[in-house]
Amino acid sequence: MALGKLNRLPLLAELYGVVHVPRAVYQEAVIAGSIRDAPDAANIRLFLEHQKFPIPDVSEPLLQSHDPAPVLGMGERHVLALAKSLTGADVLVLLDDEMARAEARRLGLQIKGTLGVLVEAFQAGLLSLDETELLLLEIAARPDIWISEKLCHQIIEQLK
């Protein structure tokens, strides 16, 4: 969702090719976001439609067989259950929520957050140093993106 707020969703397609977005995440980001008049909801919907990324339903049996910590939000629980069900592929789970990241690590999943995506995009030459720094400063300044300002500044220093 943070990449939607930053209008940088195309980085996902450029870096990873295909991204599976569980229906629960789509419901939260697009449907509920539209109801709240969140400007990123339309960005996310249009991007997903354009890319034709899969939006799979996570069935109740699948959710129960891979059910992570019940304290997580519905979207995070569905992301982790879907990731655990995708066998035979290199699965990277994109999560910013720290509790969800801890659960993903416990489940042995490879994880990356918004900041990691931006750093990877910089390293791949998709973003310049200036663009990356501006995006990190924007994240640090925005009250609707819950990523640590301190962490954003640490990453800026590491990139220089």
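Taking the criterion of being touching a residue at least 24 places away in the same chain (Cβ under 8 Å) and either crowded, with 16+ Cβ neighbours inside 10 Å or among the small types (Gly, Ala, Ser) (or both), the residues of the range 121-146 that qualify are 121, 122, 124, 126, 127, 132, 133, 135, 139, 145. Annotation: of all residues in the range 30-42 being closer than 13 Å to residue 144 by Cβ and in a helix (DSSP H, G or I), the one that is modelled with the highest pLDDT is 41.
The values are calculated or read from the model by the stated rules, or taken from the named source; none is laboratory data. Note that the structure is a prediction, hence the values are computed from the model and not measured. Here Cβ is always computed from backbone atoms with ideal geometry, including for glycine, and neighbour counts include all displayed protein chains.
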